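The block underneath contains the structure these notes are about, expressed in structure tokens.
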Amino acid sequence: MSELRELYQTVILDHNNSPRNFGNVENATGRAAGHNPLCGDQIEVSVRVVDGVVKDLRFEGSGCAISTASASIMTQAVKDKPLENAFALFERFHQLVTTSSEQAIDSEALGKLAVFGGVREFPVRVKCATLPWHTLKNALEGTSDVAKTE
Ligand code: ZN
């Protein structure tokens, strides 16, 4: 298990040091801001949904390593996914970080998101990991889908 934990830490540090999809989506169809007062994490997520697919999503803000890495990996996991898959991932991620740590992690279904399984052992950190996802959900739910051009 310790090797696995080391791998997880490497992934989180990597995404914290060089966050993917950092910035602001041009012609965004939705955006939302999130704040985790427990830790001080601030995040803004902008999305561009076209024909029910999350074509682009980016995040900005400042937060701890867990929230930044979670946002970064989230953008990679959700990009180019249909909305229903994005919401399904939200549910899966939420379940992952809030279930008992004795429960096995379905790393096949979760992909890279599985690295956040370790967060379950640090309840204070769960909000850091879920903040980007809640913010994304708000941005997607407030989305005005771009009209089809045909
Ligand atoms: Zn945090």
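The values are calculated or read from the model by the stated rules, or taken from the named source; none is laboratory data. Note that the structure is a prediction, hence the values are computed from the model and not measured. Methodologically, a virtual Cβ is constructed for each residue, glycine included, from the backbone with ideal geometry; neighbour enumeration extends over all protein chains shown. The area values use the complete protein model at the heavy-atom level, side chains included, leaving out ligands, DNA and RNA. Shrake-Rupley method; radii C 1.70, N 1.55, O 1.52, S 1.80 Å.
Sequence gap at least 6, Cα distance under 8 Å: using those rules, report the relative contact order of region 48-150 to the nearest whole percent. Intermediate values should be presented prior to the final figure.
Details: 113 pairs, mean separation 37.3, N = 103.
Computed over region 48-150, the figure is 36 percent.
What is the spin-label model distance, in nm, from residue 38 to residue 138 if the labels are put 7 Å beyond Cα along the C-beta direction?
1.7 nm
For the chain, what log10 I(q)/I(0) values come out of the Debye formula at q = 0.10, 0.13 1/Å, with one point per alpha carbon and no solvent?
Taking Cα atoms of the chain as identical point scatterers yields -0.32, -0.54.
Between the helical axis of 65-78 and the dominant principal axis of the chain, each derived from Cα atoms, what acute angle in degrees is found, rounded to the nearest 10?
Compared with the principal axis, the helix lies near 50 degrees.
Calculate the spin-label point distance for residue 107 paired with residue 65, positioning each point 7 Å from the Cα along the beta-carbon direction, and give it in nanometres.
Placing both labels 7 Å beyond Cα along the Cβ direction yields 1.9 nm.
Quick one: if you stick a label point 7 Å off each Cα along the C-beta vector at residue 76 and residue 14, how many nm between them?
Simple spin-label model gives 0.6 nm for this pair.
Taking the Cα atoms only, what angle lies between the long axis of helix 123-141 and the longest principal axis of the chain, rounded to 10 degrees?
The angle comes out at about 10 degrees.
Compute the acute angle (0 to 90°) between the alpha-carbon long axis of helix 83-98 and the principal axis of greatest extent of the alpha-carbon atoms of the chain; round to the nearest 10°.
20 degrees
Can you pull the percent of the chain's accessible area that's carbon plus sulfur, 1.4 Å probe, other chains left in place?
Here it works out to 49 percent.
Which distance in Å, rounded to a whole number, links the C-alpha centroids of region 20-34 and region 81-149?
The distance from the Cα centre of region 20-34 to that of region 81-149 comes to 17 Å.
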